[in-house]
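> First, the structure itself, so that you have it in front of you.
Values in this text are rule-based calculations from the coordinates and carry no lab data. Quantities reported herein were computed from a predicted structural model and do not represent experimental measurements. Here the Cβ positions follow ideal geometry from the backbone for every residue, glycine too, while neighbour counts run over all protein chains shown.
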Amino acid sequence: MQKLNNKTLSIAFILFTSLLSCAVEGTIEDKKQIEETWTTYYSPTTMAEKDKLLSKEYKDAYLRHLDLSIRGNRNEINKLSFADKLNVLTRRIIIDSLNLSDDQLNTFEKAFNELETTDNFLISTDAGLSDIIFTDKEVAYGIFNMLITKKSNQFVKEEGQWKINPNKEHPKFNMSRALIKKKYIKEYGSENAAIEALIKLTTGQPVRWEPLRN
């Protein structure tokens, strides 16, 4: 049997992965539901309505990170990714500045209502999603414009309803996000120094590495 050279194998791999990426096509109803979920989530409506649209994975991760925001020490927080570390430390400042008690944050619904906002003047829901990419029958990514750049949100079908995970993006965006992170780390000298600078820039407050409560 004739051996395949590297060029032939590379072409075959590209064709194979291209076929895989095109293999899943959502229904018109799926696309409609995803569009409605995304539009409602970023529209001015109650947080109680919005938290019903969030995926289980998002809520589980949110509660883990909320606990770290309140009780996590520096070593625990340092194990997180750049983005998660940034979110946890920013949330810690918000909790501290609002003087929120454990009772005000002991459920996802309470914490989300107290701490989060989904209103974003950079996102125009009137324009809708520019594309919806399905990776399988129950996972998709909605692509949308945000000023001069593009962003994406993950959507997961749970019990027949498409839920949003605003913290997860399509893998094709990972490279550009990694380049931005690399730029900040190079500018400030280390990952933690970059995070401290970004948080000071956005909140006006210094990073608090020690736990809020034991």
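> Given only helices, namely DSSP H runs of n ≥ 4 each adding -39500 (n - 2.57), what is the per-residue ellipticity at 222 nm of the chain, to the nearest 500 deg cm²/dmol?
Working: 9 runs with 110 residues, N = 214.
-16000 deg cm²/dmol, from helical runs alone.
> Explain nothing, just the number: dipole magnitude of the chain about its Cα centre with +1 on each Lys and Arg Cβ and -1 on each Asp and Glu Cβ, in debye rounded to the nearest 20.
Numbers: 31 positive and 30 negative charges, 228 e Å.
Here the chain has a charge dipole of around 1100 debye.
> Another question about this same structure. Can you list the HN-Hα couplings for segment 192-199, worked out from phi with the Karplus curve (6.51, -1.76, 1.60; θ = phi - 60°), rounded to whole Hz and with x for Gly and Pro?
5, 5, 5, 5, 4, 5, 5, 5
> Continuing with the same structure: Starting from the 7 Å offset along Cα-to-Cβ, what nm value, one decimal, do you get for the label separation of residue 179 and residue 49?
Placing both labels 7 Å along Cα→Cβ, they lie 3.8 nm apart.
> So if R0 is 25 Å, what FRET efficiency would residue 109 and residue 188 give, r being the distance between their Cβ atoms, rounded to the nearest 0.05?
Once rounded, the FRET efficiency stands at 0.10.
> Another question about this same structure. Short version: ³J(HN,Hα) in whole Hz for each residue of segment 202-207, in order, from phi by Karplus 6.51 cos²θ - 1.76 cosθ + 1.60 (θ = phi - 60°), x for Gly and Pro, what are they?
Per-residue couplings from phi come out as 8, 10, x, 10, x, 5 Hz.
> Can I ask one more? Can you list, bin by bin at 10 Å, the percent of alpha carbon pairs in segment 26-203, starting at 0?
Spelled out per bin, shortest first, that is 9, 33, 37, 19, 2.
> Can you list the HN-Hα couplings for segment 140-153, worked out from phi with the Karplus curve (6.51, -1.76, 1.60; θ = phi - 60°), rounded to whole Hz and with x for Gly and Pro?
With the stated coefficients, segment 140-153 comes to 8, 10, x, 9, 8, 8, 9, 6, 9, 10, 10, 9, 9, 10 Hz.
> Residue 148 to residue 40: extension gain in nm, 0.36 nm per residue of separation minus the Cα-Cα distance? List each step's numbers first, then the result.
On the way: separation 108, 0.36 × 108 = 38.88 nm, distance 2.26 nm.
The residue 148-residue 40 span can extend by a further 36.6 nm.
> Same structure again: On a full-extension model of 0.36 nm per residue, what is the gain between residue 60 and residue 203, subtracting their alpha-carbon distance, rounded to one decimal in nm?
Numbers: separation 143, 0.36 × 143 = 51.48 nm, distance 2.56 nm.
Here the segment from residue 60 to residue 203 would lengthen by 48.9 nm.
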